[in-house]
Structures are given as structure tokens and as C-alpha cells.
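The values are calculated or read from the model by the stated rules, or taken from the named source; none is laboratory data. What you see is a predicted model, and the numbers here were worked out from it, not measured in a lab. Cβ sites come from the backbone with ideal geometry, for glycine too, and all protein chains shown count toward neighbours.
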Amino acid sequence: MPPPILTVSAEPAALLPDRFLRWFAGRGWSPREHQMALLEKAREDRSALLIAPTGAGKTLAGFLPTLVELSSPRSEKSNVVSTGRAVQRSGGLHTLYISPLKALAVDIARNLERPIAEMGLPIKVETRTGDTPVSRRQRQRRYPPDILLTTPEQLALLLSSDDGPFLFSSLKRIVLDELHALVTSKRGDLLSLGLARLWRLAPQMRAIGLSATVAEPEQLARFLMPQPDGQARSADIVTAGGAAPPVVEMLDTRERLPWSGHSARHALSEVYELIKENKTTLVFVNTRSQAEMLFQDLWRMNDDGLAIALHHGSLDVAQRRKVEDAMAAGRLRGVVCTSSLDLGVDWGDVDLVINIGAPKGASRLMQRIGRANHRFDEASRAVLVPANRFEVLECRVAIDAIAENAQDTPPLRLGALDVLAQHVLGCACGEPFLSDELYREVRTAAPYADLARNDFDDVVDFVATGGYALKTYERFARIKQDKQGRFRVANPRVRQSYRLNVGTIVEETMLKVRLVRSRSTGTGSTGAIARGGRVLGEIEEVFIEGLSPGDTFVFGGEVVRYEALAEDQVYVSRAHDKDPKVPSYMGGKFPLSTYLAERVRKLLDDGRAWRGLPEQVRDWLSLQRDVSHVPGVRELLVETFPRGNKHYLICYPFEGRLAHQTLGMLLTRRLERARARPLGFVANEYSVAIWGLGDASFMIRNGQLNLDALFSPDMLGDDLEAWLAESALMKRTFRNCAIISGLIERRFTGEEKSRRQVLFSTDLVYDVLRKHQADHVLLRAARADAATGLLDLRRLGDMLARIRGRITHKELDHVSPLAVPALLEIGRESVYGEASDELLVEAAEELVRQAMG
Amino acid sequence: MTEQEALSISSTRTLDVASVSFHADLSGALVWEEERLLVVSDLHLEKGSSFAMRGVLLPPFDTVATLSRLAAVIARHDPRVVIALGDSFHDRTAHERLSDDDRDAVSALQSGRDWIWISGNHDPALPRDLGGTIADEVMVGPITFRHEPTGAAGEIAGHLHPKARVSARGRSMERRCFASDGERAIMPAFGAYAGGLSIRDAAFAKIFGARHFTAHLLGDRRVHAIAASRCS
């Protein structure tokens, strides 16, 4: 239920000075209601959260109070003393603007300059990003502009400098843009801690949050207010109304709907026609490799020579800029893109959004569709193109959810301990702190409002000496207490290291991909390849590790052959295969949202609602009902059947790929113990299919295998523990925590070495720490991440609780209609499962076979 | 599975060097049963505290972890001679940072057998007060034990920390390994914090030349012999 639109009591004339009214009138505009509402909040000295769709003039609304305040001479002049040196200034920094993207900060600066210039306001606006030259940064700290536009990382850096108190003491407002996007990640945690610090340095500061529509605006509004001990306090919420509802349809394909896969190749010509019919179309896909594949396919059929471009985060920056510029200039007819275009920068006149594949979440889809139109009062248009039958269900419920304006953004995060560790070190780099005071300050940040004192103390202990049970590092402490008990950094090197490593975005280790000429002489040769070659972009190291030389995959819009890896460079050559040998679909970053999953289950359960589905899909479901069973909303369907010389067990929890992957891993362990001899499994957004040598049907019939016991929530006990010990996903999670917390440095002072050479393997640290201090604060941080991150443990736990006593088993003679998609994925998608000895045995046997001819 | 369990499963495999049959132990040790001789390489004791001195506060449990794994493999084979094949200590002052418990653990391992510390590039000047004999290299029959490999026939060396990756169908796993061509062998690092160098690195080509060699990967339950050319 969206909160009611606030009505503004005052007339614009009362809130807006004359020159603003004239400026609005001169452009033929009148101030919007929510813009006035924010002005009124400012006048009442209140913090506010503005919820508005794209195109509603959100940014101007956020800055209007600042512009109005700065348009009249400031009433009181402040003299502030900097560190040791008195500096006279007229007003100091008035407004801080934080955006998740530096490109957005730069864009906003440009947009602000116009009203400021046109109204002749005496206001200085500057940006500060990682690209800002050192000299300007130094100047900004001494002689700040009126408005500073920056990112959460730069804010952390400013706060950790000696000038922090001087710089921020005059601060009147902070504007947080794209807040809905910021708060879902550890960057949001970092920002919240920065806010807590600002509230102490500048108690007069008021916040304005700008956000797309979210499920729980009240929670988001808490983020903008200091949380006093034990109580929840929220900023006022202003909701912009009046946006035209979007027109969203599902592509009614003429072709046969595929059973599985994510490419939507069947609908290619229809997608092409849509691009042709519209002026500018954004084609969103979920993963980089899908983008690659689709772009390539579209070019192959592009007989009209339409200007179609490709945009994703792994492409070379220069190439991305070229696409963005062409887009802004209106020279492109279509852009195939990933979430790299989800946020931010104004794209001008996009008149259609096509979303290929699963929408994953209603709010996410809505935000993407919002890119289609920056004119508030016109409806955005979008076409959803499901790539397989399950995705048809997902698209159907997403369209229904959008029609109801239902939201499924995730709940507010609990502040992460690794981010807190980074912040504590940052604090020690600035003015010394007392534990008691810092603890109180940190808890004013909404994500940390419930932080326990012992967790805080453990974090401080970790920052100081590692927090180990074996107290041997006292003399190597990074922060030390003085006689008054205040912590400060032990030496300048620690400060330097903090500054180099600030931030919470841990990128996957990426390797540069270079195109070279192939070594023509067959396979297995170790002949040298030409070094150098054109850089195509960057690719995840994890992906390359799974390849053998000679394997082909899609990258940079073409099929390439993997030649060799040297240092941090991957050498590939042009391949002439039409289809790549190795699929690189990694499932995208986000799983199907809990909300859409539930709606899909409801849709399945309600036979009458099937009328809204394409005929092919209705037939598929009806057949499933006839030969097996269609599960109810809270029920778990488990099917077992033989196929070839193997036995299959497939279940349909509809809880998203990540939770399913974890479930598959744990079920396989249990089945192994039950002597069902499992061999492998595939997990997708809807189901988990396990195959093996043991006859699961027979075992269930004879009571050797009890499904209630198999799916019992106690699998999250010892089985989980045993798996976590060796799980590569868990090790990756731990690595992120180790880096963010500052245990391992990403960037080193002094010499520039490639990270592959110097990076200490955090896997070794994980193994040792797990055995010798299992409750260490970093392991706790990693476990908290595992609950919601790559392992999605919380969701798995909720599912197991939901289906207890509601498992329906169907013993079948052969594969069921619902099982076909998963079975088709075997061999095509990468098989999940931690590689184990079995992989080595296989490699050794393969060798024996070759030797025996 | 705990480490102890893993070790107790039949876990040794034959690895031949210059017609001598060794057992490649799953722990990363090499055992010459006729001579009752056990070799481990690159323990890198006190690597954690070495990093800590430079401000990287790695968990200080690596020495304990390494020594307890060493104790387990010694207990199973009860060797007459133990050779630590160099880089036993991560830096020149590492031995001074050993805790009293760790020192006691080392003495306990040494009691009742000969113990030879071979010096390595990390520990060129080994301490005299830690028991055992100090040497640059040791020759037993046709075999020479030294820290840095030269490529000579009959040589068993360490220093390079070999590891190998095996990939198939988009999955891959990487493990420490022995590298051997039947005439010479390079041992995996035994230390808990010792990293690895891929056997496809040029350093290995220098030792083995154009000859084919085999990676003996330390799996979960056994050692797997896989041609180096099959690894990445």
C-alpha cells in the first residue's frame, strides 16, 4: 500500500522566491506538488524521503530547498577553525549530494549549472570522485564549494581526513540519490555510518532521500534519521503521484516456446521487428553472455543496417563511452544491455524497453521500464520476452504485479561487521575516538541500530590486533589507545593503506581478454602465441578457470577460442564456430524474488488463472496435471523416475537459483549418506534435479528413503557445516569480508605488482581460522552474508519450514512435463556442485583411456 | 570429513625418482619406506606473524596448524629420519617468534629420530638451538635432497610450491601437487599459509625441459596422477 500523497498547504508563492517563480514560468513549467512538498519540509526543518518514478523531476526537487536557501545571503557568518589554522569563510559547505555512480554525480552537476546560471544564483557546485585531481581535492577540503556532489566512498575518505570536522561543521543538507539502490548493498552500510558521523559533526544537517518506489518506504525513511537509543525514527515521506501507469505486454510469439534455455532465440525476428518499428529501443538481458549472444544474433539478421549497439559492464570503458555518447545523441536504434544501464544517466528518448528472459522481480522490472520514458505523464511501454515456459509464468505474474503497483524490494539490511571494521579504521585515521562514544554514534545509523556491544568491541579488537584468541599481535597493533583511552592509528602507513583500500565493492578478479591470431597447429601444442593483441574487454577469472585451451565461448559479440592465460591476460583467437562449446550463462546476479515466486506458485495452484497464459503453456500445465501433479501454494512436489540407466529425483520449490544451488548441494550429501549414489544435479530458478545410480523410487517405496527426513530443516545443521568447510562459494564470501574489513589489502602502497602475484590466498586463511577460531568476527560476518547472499540460506530455511509435512511424492515411469526444462539443462548449463575428487578421477581415467587407444 | 580422517584413509601413492619408489602422502610429505625416511618441504613457519609485522594481521595459527599436520604424518609413518627441505621458516627471525608451545612441539617430533633442516632462500641461516642437524643438501643412495631444484637426475627439491588445476565442463579444481618425471621431483609446500605456483609456469619448464612430467595432485581422499599437459 503506497503512503498517501502529501498535500501542500502553502501556495508556491509563499515557498518560492520571485526569481524561482519567474524561472519556472519562463520555461513554461509550474512547480510540481512534490517539489513544493519538499520545500515545505525544508522550511519546517524536517528530513524527508521522496518516492517518485523516473522522470518526475526528482533531482530538481531534491535540490530546490538548497537552491532557495542559498539564493538569499546567509544570515549568520560562521568562522570555523581548521586544524591549527583559522580560516575565514562566508558560509562553507552547505549541501552534500551522494550518488551511487560517479557518472551520475557528473551528470547532475551539469543539470544543476543550468538553473543556477539562468537565475543568476551565487552558488558554487563541484564534484569530487575518484577521477578528481589531487590539487582540486585539497582545495575542496580547505575552500569547499556550496554544493559538493560525490559518492559514498569519497564521503568516507573525507570523513577520515583531519579536515573532516572543519569541512562538515557548516553542513545544512545532504541529498541521497537512488537511495533504493544504495541501501541494498554494503555501500549502503558504509553510507549509513558516514551519515552517523555527519549527524555528530553537523547536528543541524537535514537529509533528503530520493528513491524509486519500494515495498517498505517506512524502513527506508529510517535511514535518513539518526536512530535514538532503542526507538525507530523515520523521516517524513513524500510521494509523487500522477505518473501514467506503464503499458507492459508479454510478447505473443508466433513461434514454438522453448522448454528451456535463456537466449529467447525463438523470438529473435520478432525482437528485431520491434526495434525496427520504434525509434529507440533498450533491450535488457540478465547476463553479460546473454547480451553478447543476442547482439551477435541481431547483427546476423540486420539486413536493414539498423544502428544497434552493445553495452555491458565488462566492455572496455572507451567502447562503453562511445555507445553512451551515440545514445545521448540519438544515433542509435537499439542498445542491447545488462543492468549496467539500470541506473542513472539520462538516456533521452527511449520509446520502448524490451526485457528478454526472466524479470526476476517486480520492482526491478518496473525500474527498468522506467528508463523508457523520462516524460512523467506519458506511459512507458515495455514488452517482456520470456525465453522458456517457466519464464512465461514469471512474466505473467510480473505484469500482474506491476498492474497492482506491488513492490518487492528487499527489506533494509542489517549492517555488516566487515564494513563496520573499515569504518572504525577510518575513524581512527581522523580524530581519535573513545569506544563508548563511537558505539553510541554507530548505533544512530539505521542498519546498525541493533548492534550489540560485544559485536562492536570485537570489531574494534579486530581492527587493532586482529581479534585473535592467541594474543600475539599486540606489538603490531594498527590502532592504539592513548592515556585517555582514545584510539588512534599507530602509524602513517596504516592511514595510507586505509585510503587506498576504502570502499565495499569487491570486484571479481577480472582478466583482460586480448584477441590474437590462433596457433594454427592443432591442439595440445605448447607453441608460443603472439603476445599483445587488441583488448576486447575483461572477463571473470572464475570463468576462465573452467576452460581448457581450444574451448570456444562468446565474448565481445563474437565466438572466440581460448588460447592461453599468461599473468592477468587471457589470449583468445577468432573462432569460426557458430555455437560456442562452453555456455557462459551464469544465471545473472539476482535470483527470482520471493514475492514473484509466491505469485508463480499461486498461479500454478489456480487453474482458472491459466486462462491468462498462452495456449502452449496451458497445454503443458494441463498435461502435467494429468500425468503427475501440479503443486499447491505451500506444497512441495517431488517426482522420481528412471531415464536411461540413471534415476532422477526432482523437486520444485520455486525459491530461486541461489537457494536451490545450496539445496542441491545439501541434498546430494544426504542422498550419498542414504546410499542413493547421486552423481550430480542442476538447479534453476524453479527446481532442483538430482540424478544418480540408486533407484530413488524403489528406496522411497521401501522406506529406505524418507522424504520428510530428506527435506528436514536439520540439513541446515551439521550437513551445512560440513559443506561450508569446503564450499567455494563460502570461501568467496569470506574473501569479500576479508578485503572489506581490511584484513587483506586490495591495493598496496609502493610498488605496483599485478594482483595475481601478490594477493594472499584468503582460502588458506579461511581454512586455518575455521579450525582454530570458528567464532572469529570475520567468520561471523561471512556467515551473515551467506544468509542472504550467494548461498541464500535464510530463504532456504524459510522454504524448508513452509513445506514441512506438505511433500507430495509422485513415482513416475518417465520424465514429467514440468521436469523437461531441468533435464534439458543437464549438459547444457554448467553442472553445479563443488568440483571434488571425482573430477580428478575423471581426468586421470581419461588419460588411461587415451593411453589404451 | 576432518583432516585426521582424510589422512587415515589409504592415502599414499607411489612416486618413482631414479628407480627409488617413494610414497606420495596425501598430506604432501614424501616417504621412503626402506630407509624409513620422511621429507616435507616449505613449512614457512611463522608466515602469519611475518605478515603481521608489516601490518597484515593474518590469523596467528599457521604454525600450530602446520606442526599438527606434521605431527600426524610423522605419527603414522614413524620415520627414522625426517628431512625438512628448506624454507622451514618464513623469514630470518621467524624462529625467534615461535611460541614456547611450538618449540616444545618441534622437540617432541625430533625425539627418537634424526632430524635434518635443509636451508632455503627464506631461511639461509638456520638457528642452532632448535635441535636437528643443519645442511645445504643431503645425499642418500642415488637421491639428492636440496631446496632449490637444479634439474639434476635423482634430485628431490621444493622451493617452487607446485600446484595444478584440472578443468572439465566449466568446473575446475586446483590443488597442491608433486611434480615428477621419474628422474626428479618437486615437492608441494607443506605450510598452512604457503601459496602455490602453477606447474604450467616457465619455472617448471626450466627444470623438466621438454620432457613430459606428471602432477600428483593432493585430492580429498587420495593422490591423483595426472599428466602435466592435461592441467592448467
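What the table below lists for this structure:
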{"read-out": "Residues (touching a residue at least 40 places away in the same chain (Cβ under 8 Å) and assigned to a helix (DSSP H, G or I)) located in the range A:143-162", "value": "A:P152, A:E153, A:L155, A:A156, A:L157, A:L159"}
{"read-out": "Subset of the range A:620-669 [more than 19 Å from A:L707 (Cα to Cα) and not hydrophobic (A, V, I, L, M, F, W, C)]", "value": "A:S622, A:Q624, A:R625, A:D626, A:R643, A:G644, A:N645, A:K646, A:G656, A:R657"}
{"read-out": "Criterion (away from chain B (no Cβ under 14 Å), among the charged types (D, E, K, R) and closer than 30 Å to A:L592 by Cα) met by exactly one of A:R453, A:R396, A:R486, A:R440", "value": "A:R396"}
{"read-out": "Residues satisfying the stated conditions in the range B:170-220, i.e. hydroxyl-bearing (S, T, Y) and either touching a residue at least 60 places away in the same chain (Cβ under 8 Å) or within 30 Å of A:L729 (Cβ to Cβ) (or both)", "value": "B:S172, B:S180, B:Y193, B:S198"}
{"read-out": "Where a residue in the range A:701-719 is farther than 17 Å from A:G797 by Cβ and its partner, wherever it lies, is among the aliphatic types (A, V, I, L, M) and surrounded by 13 or more Cβ atoms within 10 Å (Cβ to Cβ), with Cβ under 6 Å and at least six apart", "value": "A:L705/A:A674; A:L705/A:M699; A:L707/A:V638; A:L707/A:I807"}
{"read-out": "Selection within the range B:144-181 - surrounded by fewer than 22 Cβ atoms within 10 Å (Cβ to Cβ) and of a type in the set (A, V, I, L, M, F, W, C)", "value": "B:A152, B:A153, B:A168"}
{"read-out": "Considering residues of the range A:531-551 that are among the small types (G, A, S) and within 9 Å of another protein chain (Cβ to nearest Cβ) only, the residue surrounded by the most Cβ atoms within 10 Å (Cβ to Cβ)", "value": "A:G546"}
{"read-out": "Set A:I123, A:I116: member being assigned to a helix (DSSP H, G or I) and either under 23 Å from A:K58 (Cβ atoms) or in contact with a Ser or Thr (Cβ under 6 Å, 6 or more places away or on another chain) (or both)", "value": "A:I116"}
{"read-out": "Cβ pairs under 7 Å, 6+ apart, first in the range B:221-232 and in contact (Cβ under 8 Å) with a residue 40 or more places away in the chain and more than 7 Å from every other protein chain (Cβ to nearest Cβ), second in a loop (DSSP other than H, G, I, E, B) and among the aromatic types (F, W, Y)", "value": "B:A228/B:F213"}
{"read-out": "Qualifying residue in the range A:260-269 (condition: assigned to a loop (DSSP other than H, G, I, E, B), hydrophobic (A, V, I, L, M, F, W, C) and at positive phi)", "value": "yes"}
{"read-out": "Filter pass, B:R80 being basic (K, R), surrounded by fewer than 19 Cβ atoms within 10 Å (Cβ to Cβ) and within 27 Å of B:T144 (Cβ to Cβ)", "value": "yes"}
{"read-out": "Among (1) touching a residue at least 40 places away in the same chain (Cβ under 8 Å); (2) surrounded by fewer than 21 Cβ atoms within 10 Å (Cβ to Cβ); (3) closer than 30 Å to B:A227 by Cα - the single one B:M139 does not satisfy", "value": "(1)"}
{"read-out": "Residue check for A:L667: farther than 17 Å from A:H814 by Cα and in contact (Cβ under 8 Å) with a residue 40 or more places away in the chain", "value": "yes"}
{"read-out": "Condition broken by A:E721, with the remaining ones in (1) within 13 Å of chain B (Cβ to nearest Cβ); (2) at pLDDT 95 or above satisfied", "value": "(2)"}
{"read-out": "A:D107, sole failed condition from (1) in a helix (DSSP H, G or I); (2) closer than 22 Å to A:K41 by Cβ; (3) modelled with pLDDT under 90", "value": "(2)"}
{"read-out": "Filter result (more than 14 Å from every other protein chain (Cβ to nearest Cβ), free of Cβ contacts under 8 Å to residues at least 24 places away in the same chain and over 18 Å from B:M139 (Cα atoms)) within the range B:15-64", "value": "B:H23"}
{"read-out": "Subset tally (residues that are within 14 Å of another protein chain (Cβ to nearest Cβ) and of a type in the set (V, I, T)) for the range B:153-212", "value": "2"}
{"read-out": "Test: residue in the range A:684-693 that is closer than 22 Å to A:D400 by Cα and either of a type in the set (A, V, I, L, M) or part of a strand (DSSP E or B) (or both)", "value": "no"}
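Matching residues to (1) more than 14 Å from chain B (Cβ to nearest Cβ); (2) loosely packed, with under 15 Cβ neighbours inside 10 Å; (3) not small (G, A, S):
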residue: A:K771; (1), (2), (3): no, no, yes
residue: A:H776; (1), (2), (3): no, no, yes
residue: A:A781; (1), (2), (3): yes, no, no
residue: A:L791; (1), (2), (3): yes, no, yes
residue: A:M799; (1), (2), (3): yes, no, yes
residue: A:R802; (1), (2), (3): yes, no, yes
residue: A:T808; (1), (2), (3): yes, no, yes
residue: A:V815; (1), (2), (3): yes, no, yes
residue: A:L823; (1), (2), (3): yes, no, yes
